[in-house]
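One structure below.
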Amino acid sequence: MCGRVIQLSNPDAIRKLFEAAGTAPNAPPRYNGAPAQDLMVVRKHPKTGDRVLDMLRWGLIPYWVEDPKGGRKPILARSESAPTSPTFRGALEKRRGILPVDGFFEWKGEKGAKNRQPYAVMMKDRSPFGIAVIWENWKDPSTEAWLRTFAVLTCPSNALMATIHDRMPVILEPGDYDRWLGADPDVEALMVPYASEKMMLYPVSTAVNSYLNDTPEVMEPLAAA
DNA sequence: CCAGACGTTGTT
DNA sequence: GTCTGG
DNA sequence: CCAGACGTTGTT
DNA sequence: GTCTGG
């Protein structure tokens, strides 16, 4: 679930919307952002404390991993178990972030089944919104280069999302951004299903299945049969 | 998330 | 790094 | 104690 | 069927 996202950039507009300091990164519009790709993430700079907008890679690599090749790079983290998970706990305590999106895709049907139907999930008013993430800083032993990665937090579906899937990403209210990005040790109350009545979903073409198809057409409603 | 691969030898 | 299993 | 895993989804 | 890569 929530394995593809819509991030229609204009990085500077997103930077202002999420009140991030500094300069915006270069980021093309993403109609079909997929795991293993670099996407815009809002986070708090550990040293300056500034809220910043950076490019992070989707798929969390814990900092203690030696060789991420073959290693698991989870793209999702259950909010119920993350607080006690060895892999996620540290990041949840100290490295929380926000993935600014315009929507995301969800596939309905049994996993592994053929003919799964993809749906676009957005806000009714089409406004951008924030998904809660955790991130890590990993140093490549061979190149000494640092790589920032992230995973999306999930929670049980609300009534609307439950029609296609039983899990959904943790969506934050703008009023909760400060608390989420801060050092609040008790943020579990924020990791809850978002209000159904503000959201909408519609079926889209299976053209979205290929992450290589990063074009506006993947967002178009499925033509009536 | 889906698409595509799914092996061996030995070498840098 | 931290937890579980043997 | 050390060795090995450390994730999510959903299914039989 | 299961894992890896984007």
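Counting other C-beta atoms within 10 Å, which of A:Ser85, A:Ser210 has the fewest, and how do the rest follow?
Lowest to highest Cβ neighbour count: A:Ser210, A:Ser85.
Using the Cα centre of the stretch A:35-132 as origin and beta-carbon charges of +1 (Lys, Arg) and -1 (Asp, Glu), tell me which of A:Gly49, A:Ile131, A:Ala113 is placed farthest towards the positive end of the dipole.
A:Ala113
Could you list A:Ser142, A:Ser79, A:Ser196 in order of exposure, starting from the residue whose Cβ has the fewest other Cβ atoms within 10 Å?
Ordered by Cβ neighbours within 10 Å, fewest first: A:Ser142, A:Ser196, A:Ser79.
What is the fewest-to-most order of A:Lys124, A:Lys139 by other Cβ atoms lying within 10 Å of their Cβ?
A:Lys124, A:Lys139
If you take the square roots of the eigenvalues of the alpha-carbon gyration tensor of the stretch A:65-209 and sort them as a ≥ b ≥ c, do you get rounded (a/c under 1.5), prolate (a/b over b/c) or oblate?
Verdict is oblate for the stretch A:65-209.
Round to the nearest 0.05 the FRET efficiency obtained for A:Ala145 and A:Asn213 when R0 = 35 Å and r is the Cβ-Cβ distance.
Calculated transfer efficiency: 0.70.
Relative to a virtual label point 7 Å from the Cα of A:Asn26 in the Cα→beta-carbon direction, which members of the stretch A:40-59 show backbone nitrogen distances below 16 Å?
So the set is A:40, A:54-56.
Any read-out appearing in this document is the output of simple, stated calculations on the displayed coordinates, not a laboratory observation. Since we're looking at a predicted model, the values are computed, not measured. When we count neighbours, we look across all protein chains shown, and the Cβ atoms used for this are built from the backbone with ideal geometry, even at glycine.
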